[in-house]
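Q: First the structure, then my questions, so here it is.
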Amino acid sequence: MKILAAIDSFKGSATSEQLNTAALSGVLTVFPDLQVQSIPIADGGEGVLDVLAHQENAIRKTTQTTDLLGRQLEAPYLLLGDTAIIESAKIIGIDLITVGPESISHATTFGLGAVVQSAIQAGARTIIVSLGGTGTSDGGQGFLKSLEATDLSGVTLIGASDVTNPYYGENGAATIFAAQKGATTGQITQFNARDARFAQEILKNRGIDLQKIPGAGAAGGLGGAIVLLGGQLISGLELIADLVHLEQAISESDLVLTGEGHLDHQSCQGKVVSGVAKLAKKHGKPCVALVGSRSDDLGMLENDLTAAFSIQTGPVSLDDAIMTQTTLKNMANTAQNVVRLIESFRR
């Protein structure tokens with residue numbers, strides 16, 4: 001039996017590579033003769049650079065810029081040939097600040113522009129910006145301002161996202177995401193009204209309707225800014241899956257292990273578990289999700305996953321649950337038990 005591990009990072013706890021290694025190590029402890037393969041994976045949020053750094057042609061670069069609060073920052077990005085990978089969370093990430101009304105009122109996407117400029121100077125002709133994990137809700141205005149004098153002709157700009165929200169409105173950037181970034185109810189109303197006015201001006205003056213572009217509301221409206229700069233928005237998972245040859249690996253496996261920090265019905269919307277499970281189902285492979293926690297309602301995921309298990313061994317506080325060593329130990333044990341069960345039926 002050949003087992004493939006393609007587990008998303010558990011935010012604030014462990015990376016995709018760490019989780020894959022833990023799961024497969026747990027299995028090999030009991031079944032040392034099994035074949036295993038690890039493919040670090042991400043969906044356009046945190047961890048994109050860690051995942052793609054494993055590509056043979058990956059070159060790590062850094063440049064000076066500012067974070068979402070205007071503080072000096074040395075920002076990393078990757079070059080894969082003439083393609084640059086920029087992870088927004090490394091520059092304007094929510095983990096870089098203490099969230100609250102004050103921080104969200106000043107948070108800006110401006111610092112991303114300098115990284116794009118550095119990538120162009122380094123020879124990049126395709127620039128992929130992963131949009132997940134940001135702490136901004138400026139409608140992408142800072143990013144637009146930072147690049148207003150930059151020649152983007154001959155450059156393909158791509159936003160990789162795990163959400164399809166519109167620019168504004170009841171499902172827009174501010175309404176859905178600003179609260180978790182520290183915004184008050186009043187600020188959310190203010191941000192949404194600002195984004196609506198801007199989108200209407202763009203529609204009137206340029207004929208571009210941001211409301212009809214899925215993902216324009218990603219990263220607090222950064223998705224819309226990328227479109228206005230002539231770029232396109234794509235599924236982060238599909239992009240990364242293609243780069244790491246995920247489907248081929250799944251087709252050659254007998255069992256697929258995947259997972260994420262928290263699994264619920266929203267996980268079917270562009271997330272790793274959903275994408276991996278759909279590919280496994282396409283090729284007739286069993287797919288088991290090993291997660292930090294799960295809800296009772298998994299929505300459409302129930303149709304694609306073979307099973308989903310929380311790796312927790314009992315009642316535990318969140319702070320204790322996300323400790324890296326605890327997470328990796330529980331992942332190893334749970335993966336081992338899943339394979340023990342499967343192997344018992346194969347004898």
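The values are calculated or read from the model by the stated rules, or taken from the named source; none is laboratory data. Note that the structure is predicted; figures quoted are calculated from it, not measured. Note: ideal-geometry Cβ built from the backbone for every residue, glycine included; neighbour counts use all protein chains shown. The area values use the complete protein model at the heavy-atom level, side chains included, leaving out ligands, DNA and RNA. Shrake-Rupley method; radii C 1.70, N 1.55, O 1.52, S 1.80 Å.
Q: What's the magnitude of the charge dipole for segment 46-130 around its Cα centre, counting Lys and Arg as +1 and Asp and Glu as -1 at the beta-carbon? Answer in Debye, nearest 20.
A: Values: 5 positive and 9 negative charges, 50 e Å.
Rounded to the nearest 20 debye, it is 240 debye.
Q: Quick one: with all protein chains in place, what share of the accessible area of the chain is carbon or sulfur, to the nearest percent (1.4 Å probe)? If you can, show how the numbers build up before the last one.
A: On the way: 7570 of 15290 Å².
Using a 1.4 Å probe with all protein chains present, the chain comes out at 50 percent carbon and sulfur.
Q: From the Cα gyration tensor of segment 26-185, with a ≥ b ≥ c the square roots of its eigenvalues, which class applies: rounded if a/c is under 1.5, or else prolate if a/b is larger than b/c, or else oblate? If you can, show how the numbers build up before the last one.
A: Working: a/c = 2.02, a/b = 1.29, b/c = 1.57.
The shape class here is oblate.
Q: How much accessible surface does residue 46 have with a 1.4 Å probe, in Å² rounded to 10?
A: Answer for residue 46: close to 60 Å² accessible.
Q: If you don't mind, another one. If I model a spin label at residue 344 and residue 306 as a point 7 Å from the Cα along the Cα→Cβ vector, what separation in nanometres do I get?
A: In this crude label model, residue 344 to residue 306 measures out at 1.6 nm.
Q: Then there is this: So with the 1.4 Å probe, I'd like the accessible area per residue for segment 237-343, rounded to whole Å². Intermediate results must be reported in sequence, preceding the final value.
A: Numbers: 5180 Å² over 107 residues.
The answer is 48 Å² per residue.
Q: Let me ask something additional. Between residue 150 and residue 212, what is 0.36 nm times their sequence separation minus the Cα-Cα distance? Round to one decimal in nm.
A: Details: separation 62, 0.36 × 62 = 22.32 nm, distance 2.66 nm.
This chain segment gains 19.7 nm when fully extended.
Q: Only Lys, Arg, Asp and Glu count, each charged at its Cβ (+1, +1, -1, -1), so figure out the dipole size of segment 263-347 about its Cα centre, rounded to 20 debye.
A: Working: 10 positive and 8 negative charges, 118 e Å.
In debye, rounded to 20, segment 263-347 gives about 560.
Q: Which chymotrypsin sites (Phe, Trp or Tyr not before Pro) from segment 139-197 combine a DSSP loop assignment with at most 11 other Cβ atoms within 10 Å?
A: Working: sites: 143, 167, 168, 177, 191; in loops: 167, 168.
In loop regions of segment 139-197 (DSSP not H, G, I, E or B), there are no sparsely surrounded chymotrypsin sites (Phe, Trp or Tyr not before Pro).
Q: Semi-axes of segment 256-347's equivalent ellipsoid from the Cα gyration tensor, sqrt of 5 times each eigenvalue, largest first, rounded to whole Å?
A: Details: eigenvalues 93, 66, 20 Å².
Over the Cα atoms of segment 256-347, the semi-axes work out to 22, 18, 10 Å.
Q: Shifting gears a bit: Average the reciprocal distances over every distinct pair of alpha-carbons in segment 3-106, invert the result, and give the Kirkwood radius in Å.
A: On the way: mean 1/r = 0.0636 Å⁻¹.
Hydrodynamic radius (Kirkwood, Cα pairs) of segment 3-106 is 15.7 Å.
Q: Further, regarding this structure: Kindly express, to the nearest 10 degrees and within the range 0 to 90, the angle between helix 112-121's C-alpha long axis and the longest C-alpha principal axis of the chain.
A: Rounded to the nearest ten degrees, it is 80.
Q: Still on this structure, please answer the following. Run through every distinct alpha carbon pair of segment 167-299 and return the Kirkwood hydrodynamic radius in angstroms, one decimal place. Display every interim value, and only then the final one.
A: Details: mean 1/r = 0.0588 Å⁻¹.
So the Kirkwood estimate lands at 17.0 Å.
Q: Return the calculated 222 nm mean residue ellipticity for the chain, to the nearest 500 deg cm²/dmol, obtained by summing -39500 (n - 2.57) across DSSP H runs with n ≥ 4 and dividing by the residue count.
A: On the way: 15 runs with 140 residues, N = 347.
Theoretical 222 nm ellipticity from helices: -11500 deg cm²/dmol.
Q: Between residue 126 and residue 283, what is 0.36 nm times their sequence separation minus the Cα-Cα distance? Round to one decimal in nm.
A: Values: separation 157, 0.36 × 157 = 56.52 nm, distance 3.14 nm.
Answer, rounded to one decimal: 53.4 nm.
Q: Now a separate question. DSSP beta bridges in the chain, what fraction antiparallel, as a percent rounded to 5? Write out the running numbers ahead of the final one.
A: Values: 14 of 46 bridges.
Of those bridges, close to 30 percent are antiparallel.
Q: When Lys and Arg each count +1 and Asp and Glu each count -1, what net charge do the other residues less than 14 Å away from residue 123, Cβ to Cβ, add up to? Display every interim value, and only then the final one.
A: Numbers: positive: 61, 125; negative: 82.
Computed value for this residue: +1.
Q: Short version: what are the Cα gyration tensor semi-axes of the chain, square root of 5 times each eigenvalue, largest first, in whole Å? Provide the component values of the computation, followed by the final result.
A: Details: eigenvalues 260, 93, 68 Å².
Listed largest to smallest, the semi-axes of the chain are 36, 22, 18 Å.
Q: Another question about this same structure. Counting alpha carbon pairs within less than 8 Å and at least 6 residues apart, what relative contact order, in whole percent, applies to segment 46-175?
A: Working: 249 pairs, mean separation 30.4, N = 130.
Relative contact order for segment 46-175 comes out at 23 percent.
Q: Taking every pair of Cα atoms in segment 140-223, average 1/r, invert it to obtain the Kirkwood radius, and report Rg/Rh to two decimals. Walk me through the numbers on the way to the answer.
A: Details: Rg = 13.2 Å, Rh = 13.4 Å.
The Rg/Rh ratio comes out at 0.98.
Q: Quick one: length gained pulling residue 184 to residue 170 fully straight, 0.36 nm per residue minus the C-alpha distance?
A: 3.5 nm
Q: If you don't mind, there's one more thing I want to ask. What does a probe at residue 54 reach in segment 1-38, counting residues whose amide N is under 14 Å from the point 7 Å along Cα→Cβ?
A: Residues 3-10, 15-25, 36-38 fall inside that zone.
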